[in-house]
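A quick write-up on the structure given underneath.
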Amino acid sequence: MRRRFFADAVEGAAPARASVRGANAEHLTRVLRAQPGQHYELAHQGQVYLGEIEHAARDEVRFAIVATLPQAAPRPRLELAAALFKFDRF
């Protein structure tokens, strides 16, 4: 299972590029020690992409989009309710 980050921007057609900035970029570089060539999932405007790191700096991580990933079908919404007809025995 790959880690997923929210991309700040996805630009261009094939081959597309994406970037992650700010706290997420710092987390990638300092905590996960991201290096060029590693793959991560990127979410942007309802789409999920597989991105390969091209450049990793503390303030910005740039990706080359390798593929657009299929999205899982949304799960049905489930609501549970309790009938309150005898309050003293509930």
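The values are calculated or read from the model by the stated rules, or taken from the named source; none is laboratory data. Just so it is clear, the model here is predicted, and its values are computed rather than measured. Heads up: the accessible areas ignore ligands, DNA and RNA and are worked out on the full protein's heavy atoms, side chains in. Shrake-Rupley method; radii C 1.70, N 1.55, O 1.52, S 1.80 Å.
The table below lists the values:
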quantity: Distribution of pairwise C-alpha distances over the chain, 10 Å bins, in %; calculated: 16, 41, 16, 9, 8, 8, 2
quantity: Phi to ³J(HN,Hα) by Karplus 6.51 cos²θ - 1.76 cosθ + 1.60 over segment 58-71, Hz, x for Gly, Pro; calculated: 4, 9, 7, 10, 9, 10, 9, 6, 8, 7, 8, 8, x, 9
quantity: Extended-chain gain in nm, criterion 0.36 nm per residue less alpha-carbon gap, residue 57 and residue 75; calculated: 2.8 nm
quantity: Accessible area per residue in Å² at 1.4 Å probe, computed on the chain; calculated: 78 Å²
quantity: The chain - percent relative contact order, Cα under 8 Å, separation 6 or more; calculated: 26 percent
quantity: Carbon plus sulfur fraction of accessible area for the chain, probe 1.4 Å, in percent; calculated: 52 percent
